[in-house]
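> What follows is a single structure, and I will ask about it in a moment.
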Amino acid sequence: KRRILNREEVESMNPNDETCGDRKPLPMSQCALRSRNPIREIVDNLVIPTPPEDKPLILLSIGDPTKFGNLKTPQIFVDAICEAVRDFSSHGYTHSAGIPAARAAVAQRYSYGGSKLVEDDVIIASGCSGALEIAIKALASEGDNMLVPCPGFSLYQTLMESNNISAKPYNLLPDQNWEIDLKSLEDAINEKTRAIVINNPSNPCGSVFNKQHLLQILGVAERHNLPILADEIYGGIIFKGSKFWPIASLTNTVPVLSVGGIAKEFLVPGFRVGWILCYDNNRHDLSEVWKGALKLTQLIIGANTVVQPALKTILTPQPGSKDAKTLEAFHYETSKQLEKNANFVADTLVKVHGLKVIRPQGAMYSMIGIDTSVFDDSISDDVAFSQKLMDEEFVFVLPGQCFGMNNYFRLVLSPPIKKLEEACSRIAAFCEKHRL
Ligand SMILES: Cc1ncc(COP(=O)(O)O)c(C=O)c1O
């Protein structure tokens, strides 16, 4: 029986005592119990040491490009947001799928040849995470499954399991630039499969699929009559020699929901604005799913409205205008800086005995392989490698197991090059010290 406690009873309670006398805490809900982030389970068990003054900790673990202050969103975006806030036009509730002008701007920017979008084909969500949650819940029900990349971004699994949808992994092949093992993809499909999730460019791999490979993936989807849920949030960060093909631009027959957002491309993960794009090629395969997605936007009555009016400025500047040139220069500079960092890390670590480098083609990460057979017993796997590297050299990288892949580690490429130089030299010294 619950009753209201009096003041003395409350004051005598020890907040550290879980039972608070004879009262048991209320149980956690099943949905909350199922909501687990595999990264946290690994990272929370890593011990972060206190570094000496002359060797500060270098954090290469968090995919937040604003962390180091070297990469900044363009001023025209900041100005457009400030203007929208000052004119009071976007302070109220809006359509739960987003401000019409913002949806229209996103639709215009992500329309391709035969795959045209209109405002109604766009949902503005609370970050790409919010977009993924809506898309997953609209496509699958309890007991269904979706196919997810391994190694892959762990949020897919977290969102699915929280909703009693299982995440079935398919393999990526490190020796083929992290392309999908198509056999493993096809083998994972069963009668409960509701979609194939792809992430291109990839977190954690930094890979960018070529056109031919995307057509092969579409072939699998077509054969099994499955839609594709494409996470293309890194589509704007591509290095020289690679080209990003939005998967929806390559098909007239496979239905595609593409999710993305401004977090990475515009260096503003805290702004929490993302989107879902529905490419249904007028075949209405996704008509019911899309109605469901729109219903799901009502759960939180839409995303933050402060940033939405400014999307037009950054996504659809007048071709040839000053804004268009500023944005072009911004994109060029950001990708160039990340590419320079990626190449520096690859060129440096490729010389380190025991490490395997696969040169990134885009995004902001590199997955480096660890050959444990050339290291002493203390480096038994990627988790031990990451913990020891932190203990001895104060460099924090994420073990591959956080992404479902043993004996790799992921590092972020967004810090200033000086930090990466220091980090790589510490990693090289660490590997040399533990070499057999
Ligand atoms: C592949 C991928 N998808 C989605 C997200 C989530 O993006 P947002 O911050 O917009 O929720 C991230 C963030 O790291 C990501 O790496």
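FYI, it's all coordinate maths here, none of it is from the lab. The structure displayed is predicted, hence computed values, not measured ones. Neighbour counts are summed over all protein chains in view; Cβ atoms, including those assigned to glycine, are modelled from backbone coordinates with ideal geometry.
> Suppose R0 equals 45 Å. What FRET efficiency, 1/(1 + (r/R0)^6) with r the Cβ-Cβ distance, do D376 and E333 give to the nearest 0.05?
Given R0 = 45 Å and the Cβ-Cβ separation, E is 0.60.
> Something else now. Kindly state, to the nearest 0.05, the FRET efficiency for A324 paired with H224, given R0 = 41 Å and r defined as their beta-carbon distance.
Given R0 = 41 Å and the Cβ-Cβ separation, E is 0.50.
> Students often get this wrong: which residues of the stretch 26-46 have the backbone nitrogen under 20 Å from the point 7 angstrom along Cα-to-C-beta of E9?
26-27
> On to the next question. Under the 0.36 nm per residue contour assumption, what length would be gained going from the current alpha-carbon distance of D120 and E83 to full extension?
Between D120 and E83, full extension yields 10.7 nm more.
> Determine the shape class of the stretch 45-108: with a ≥ b ≥ c the square roots of the Cα gyration tensor eigenvalues, call it rounded for a/c under 1.5, and otherwise prolate if a/b is greater than b/c, oblate otherwise.
In terms of gyration-tensor shape, prolate.
> List the aspartates and glutamates whose Cα sits under 18 Å from the Cα of K325, skipping any in the same chain fewer than 8 residues away.
Within the straight-line limit of under 18 Å, K325 reaches these aspartates and glutamates: D79, E265, E333.
> Could you work out [θ]222 nm for the chain from helices alone, using -39500 (n - 2.57) per DSSP H run of at least four and dividing by all its residues? Round to the nearest 500 deg cm²/dmol.
-10500 deg cm²/dmol
> Straight-line reach from K388: which lysines fall under 21 Å, measuring Cα to Cα and dropping same-chain residues less than 8 apart?
The reachable lysines, counting only those whose Cα sits under 21 Å from K388, are K55, K351, K356, K419, K433.
> Highest mean first, how do 391-397, 294-300 rank when packing is the count of other Cβ atoms within 10 Å averaged over residues?
Those peptides, ordered most packed to least, come out 391-397, 294-300.
> Using the Cα gyration tensor of the stretch 75-315, with a ≥ b ≥ c the square roots of its eigenvalues, what is the shape: rounded (a/c below 1.5), prolate (a/b larger than b/c) or oblate (neither)?
It comes out prolate by the Cα gyration axes.
> Charges at C-beta only: +1 for Lys and Arg, -1 for Asp and Glu. How large is the resulting dipole of the stretch 79-165 about its Cα centre, in Debye rounded to 20?
So the dipole magnitude of the stretch 79-165 works out to roughly 160 debye.
> Can I ask one more? Assuming a strict under-20 Å limit between Cα atoms, what lysine pair count do you get for the stretch 75-315 once near-sequence pairs (fewer than 8 apart, same chain) are dropped?
The number of close lysine pairs in the stretch 75-315 is 16.
> Follow-up. If the only charges are +1 at each Lys and Arg Cβ and -1 at each Asp and Glu Cβ, what is the size of the charge dipole of the stretch 201-351 around the Cα centre, to the nearest 20 debye?
In total the dipole reaches around 200 debye.
> Based on the Cβ-Cβ distance from A429 to K243, what FRET efficiency comes out when R0 is 51 Å, to the nearest 0.05?
0.85
> Tell me, in nm to one decimal, what length is gained between D391 and D181 on full extension, where the rule is 0.36 nm per residue of separation less the Cα-Cα distance?
72.0 nm
> Additional query: Please give, to one decimal in nm, the separation of the simple spin-label points placed at Q212 and K55, each 7 Å out from Cα toward the Cβ.
Each label point is offset 7 Å from its Cα along the Cβ direction, giving 4.7 nm.
> Under unit Cβ charges (Lys, Arg +1; Asp, Glu -1), what dipole magnitude, rounded to 20 debye, does the stretch 75-315 have relative to its Cα centre?
About 360 debye.
> Cα centroid distance between the stretch 267-322 and the stretch 331-405, in Å?
Using only Cα atoms to place each centre, the spacing works out to 34 Å.
> Which is farthest toward the positive dipole end of the stretch 314-436 among S386, N341, F396, measuring Cα position about the Cα centre, with Cβ charges +1 (Lys, Arg) and -1 (Asp, Glu)?
Toward the positive end, the furthest listed residue is N341.
> What ranking do 315-323, 338-346, 120-128 get when scored by the average of other Cβ atoms within 10 Å per residue, highest first?
Top of the packing list down: 120-128, 338-346, 315-323.
> Report the extension gain between I301 and D22 in nm, rounded to one decimal, defined as 0.36 nm multiplied by the number of residues separating them, less their alpha carbon distance.
96.4 nm
> Compare the peptides 151-161, 195-205 by average per-residue count of other Cβ atoms within 10 angstrom and give them in order, highest first.
Order by mean packing, descending: 195-205, 151-161.
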